[in-house]
Structures are given as C-alpha cells and as structure tokens.
C-alpha cells in the first residue's frame, strides 16, 4: 500500500497537496527576482535612496580608508550615532580592491539583507512550516521598497538581518532552554541592538512576549537564564553608549531633535503614518499580515510576534516625527510583516488541503505574478533614476571653488560637493531644517543667523534654486547686496567679499 505523503499526488479527483519540490522551486524564483533586482545598475552612484544618509556613510568610509593609508586617526566621529560597522567594512573593501569603489558598500548591504533572508526562512520554517515560509520570504525579497532600501549604504540591512537572527535565536533558546542557547540568543539580540539602537523596540518586546507567553513573569524573574539573556542583550549597547557619551563625547548630542510628543495627540499624524505604511510596506499586505500573526498556531511564537507588533506601535510613538518623515524607519519592520504574511499563507494552505491541483496552480501563479510585476517595477525605477552625471558636475564645481571659503545651498547638505568635489562648505539650512527646529521649540532669527553665518565667507554657492525661492528674505539679501560671480542653469555663485 502506497503512503500518501508530501510530494505524492493522486490522479483524478482525489486529494492533492503541495509537493516538497514546490518549496525549492519557489525559493529559487524568489532569490532570482530578489538578487537580480538588487544587483541591477550596481555601478550607479548611491543617490537613489536617501542620498544624504548614504553620503554620510560614504564620507565616513573614505575618511577611515584614507586614514588607514596614512596611519593617521580617522577623525573625531562627528555625526556618528551608531557604530560605523558598515563604514569600516567598506573601508576594508577599499583597501582590498585598492580604490573607493562605491559598489562595495552596495554589495555589502545586499549580502546582509540576503543573509537575513536565510535566517527568515529558517525562522518561518520553524514557526509556520516551509510552505507558509514561501509567502513571507517572497515579500521580504521582492517588495520594491525593501529592494531599494537593501541596496543602500546605511546600517538598516545589517540591523534588519540581525533582528531576524535574534528572533531565530530566541525560539531556539525557548525550545532547548540550555545555557548554550541562552548565550547564543543573548549575543544575537545584543548585536542587533548594538548595530542600531532602535532595534531594541523589536528585540525587547520579542523577549517580553516570548517569556510571558511561555513561562510567565514570576517564573521568569527566578530563572537565571532569563537574567543572562537580559544582560547579554543590553551589554554591547550599554558599553558603546557609555563610551560615546561619557568618554569620547561623540554621542552627547544624539538625542537632539528626535522626540516630538505633541504629534502623538494630533489625529492627522496617524493618517500620515498610514500613508507612509502604504507607500513602503503596502497597507493591504500590512493588514493581512496583522491577521496572519493571529493565525500562527504555536503559542510562544504567536505571542512573541504580537509583542513585536506592539513594539512597532511604541517605536512609531517614540519616533513620532521620524516615522512619518524618514521612510527608512519602516525598514526593520519588513520581516515582521513577512512573518504575518507567512502565517496567513500557512493558514490558506491548511484550509485548501484536499482541493484539486488547479487550486494550487492558482496560488503558485498569483505568487509568481506578484513577484514578477514587482521585480519589473523595481527594475524600471532603477533604470530611469540615473545619477552618473552627478560626480563629474561636483568635481567641476569643487575645482572652481578651490581656495575659497564657501557657504552653500546645495544638494544633501553640501555633502555631494564635499564627497565628489572634495570641497567643504558651511551649509545654509533649508526650510525643512528651520521647521524642525521651530517644532522642537527653538526660536531662530533667520536674518541675524544669515549675517552671522556669511561672516568670513568668500562665496555663496547655490544649486538648489527651489530652496532659494522658498526663502525670499535670503534671496532678497543676496541679490540686493552681493554681485553674482558666475551663473549657469545649474548653479549661482555670489561673491560675499564685496
């Protein structure tokens, strides 16, 4: 008598289930779309996703790289918040290849995200099974927003991968309850928070959900492994911040312009947040994922991820301004949505057991169609957003300004001029910068600040014409008091010396 197992299909109108090889075929398709999409147009300058943030890391990596060639210190750490892991690895790549090749940080970011995909599949396999895992992994690898974000030279890819592996470690510890797994899980959680501190919202809540869902608070407080987990989870973050705040001092101002409690009381704030979710994570899939979390059968995992979703709510409340203004604050929540979609996918598969082959062909076709259109949309977006003309322009402008003390109103806070033109400048704040400071309660006399800032400067360089139009007082002072040294359709240089 033949056994009916996964992978065996009966003909006619009898029962059918997903064969084992279906999972492997789907995994191959997922990684094909995900990796080909990410490696497309690899050598385009990294300005396609939050250029300002990427330029910050580019400048830091170049500083570390050049310091390693001369043996001099790599700088004061100004502007540093999280540990420069990506920047140091990139500088090491520059040393190995002998040049500042900006494909290196992009490949690093893609590699970290892909390593996170491996961890996500192992995690989902344990939580909902292999077939359900396909749904979550497809979202994680082929969601267009995640594709753009995971190419970016910033710590989000590494942080997201670290969060995933920390969740995996938590469930491993819960299953085995050994000291070995307590140490592994604690270190994985601690590393995720060390990479970038906002990960704490998805790590601490996950620990709380897992422990409360499996052993309860009173029993957990008496468990020595739980105390070890807490200690290891917080230790790297604590050491880094104690050093950065009290010893080196580069973290002393990191909490400025971050918290805006008044937004929490504004109903309009939540509508903007909803729009941000829709633009990045896709609102409909976000809501399906929320229901999918409730469909996870294993209670410890279900409670863990319910608490992770509560952590996201707390995260968005604490960073109330950034959650609606900086879309990359959504990046670390991508795997949590993927888990929910995997739960929903597993529930769908279980509900359809016993259906005919056509049903499963429809599911496969829908997944393939969703991935293919998202892949194509992402590819066309990258194809039409080209930045190869940027480096030559800023190199030209940097040479033109050589030997001059420069004030600027240029792209990305003057960092394009600094990076490619190798010309530092004092950047004049945008209307956005003024609005943020006024929202935080600061009062600024813009005219007095302008006169103070131009003191000792030779020229004022403007490439952001729309920004100049948005500040009519500054525009009037410049045109009425200072001659134009040079003007093209790309830039204006005012002479501040006369």
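Brief remarks on what is shown
- Some residue of segment 190-206 being assigned to a helix (DSSP H, G or I), under 17 Å from residue 302 (Cβ atoms) and more than 15 Å from the chain's Cα centre (by Cα): yes
- Every residue from segment 341-358 that is surrounded by 15 or more Cβ atoms within 10 Å (Cβ to Cβ) and part of a helix (DSSP H, G or I): 341, 342, 343, 344, 345, 346, 347, 348, 349
- Residue 338 under 25 Å from residue 152 (Cβ atoms) and part of a helix (DSSP H, G or I): yes
- Condition check for residue 376: out of contact with any strand residue (DSSP E or B) (no Cβ under 6 Å at 6 or more places or on another chain), closer than 24 Å to residue 101 by Cα and at pLDDT 95 or above: no
- Total residues in segment 449-481, condition part of a loop (DSSP other than H, G, I, E, B), at pLDDT 95 or above and over 22 Å from residue 437 (Cβ atoms): 2
- Criterion applied to 73, 45 was being part of a loop (DSSP other than H, G, I, E, B) and surrounded by 16 or more Cβ atoms within 10 Å (Cβ to Cβ), and the one residue passing it is 45.
- Meets criteria (touching a helix residue (DSSP H, G or I) at 6+ places or on another chain (Cβ under 7 Å), in a helix (DSSP H, G or I) and without any contact (Cβ under 8 Å) to a residue 60 or more places away in the chain) for residue 376: no
- Residue within segment 274-293 that is at pLDDT 95 or above and outside any helix (DSSP H, G or I) present: yes
- Every residue from segment 201-229 that is surrounded by fewer than 18 Cβ atoms within 10 Å (Cβ to Cβ) and touching a residue at least 24 places away in the same chain (Cβ under 8 Å): 212, 214, 225, 228
- Of all residues in segment 239-257 being surrounded by 13 or more Cβ atoms within 10 Å (Cβ to Cβ) and touching a helix residue (DSSP H, G or I) at 6+ places or on another chain (Cβ under 9 Å), the one that is modelled with the highest pLDDT: 240
- Near pairs, Cβ below 7 angstrom, 6+ apart or cross-chain, from segment 480-493 (assigned by TED's automatic domain parsing to the domain that holds residue 401 and free of Cβ contacts under 8 Å to residues at least 40 places away in the same chain) to any residue that is surrounded by 10 or more Cβ atoms within 10 Å (Cβ to Cβ) and in a loop (DSSP other than H, G, I, E, B): 482/496
- So residue 320, is it surrounded by fewer than 18 Cβ atoms within 10 Å (Cβ to Cβ) and over 29 Å from residue 179 (Cα atoms): no
- Residue count for segment 468-491 satisfying the condition of being within 24 Å of residue 399 (Cβ to Cβ) and under 36 Å from the mean Cα position of the chain (by Cα): 4.
- Test for residue 82: is it modelled with pLDDT under 95 and crowded, with 19+ Cβ neighbours inside 10 Å: yes
- For segment 257-269, a tally of residues being under 15 Å from residue 322 (Cβ atoms) and assigned to a helix (DSSP H, G or I) returns 5.
- Of all the criteria given as (1) part of a helix (DSSP H, G or I); (2) within 17 Å of the chain's Cα centre (by Cα); (3) under 28 Å from residue 185 (Cα atoms), the one not satisfied by residue 106 is (3).
The values are calculated or read from the model by the stated rules, or taken from the named source; none is laboratory data. Nothing here was measured: the structure is a model prediction, and the numbers come from that model. Positions of Cβ are backbone-derived with ideal geometry, glycine not excepted, and every protein chain shown enters the neighbour counts.
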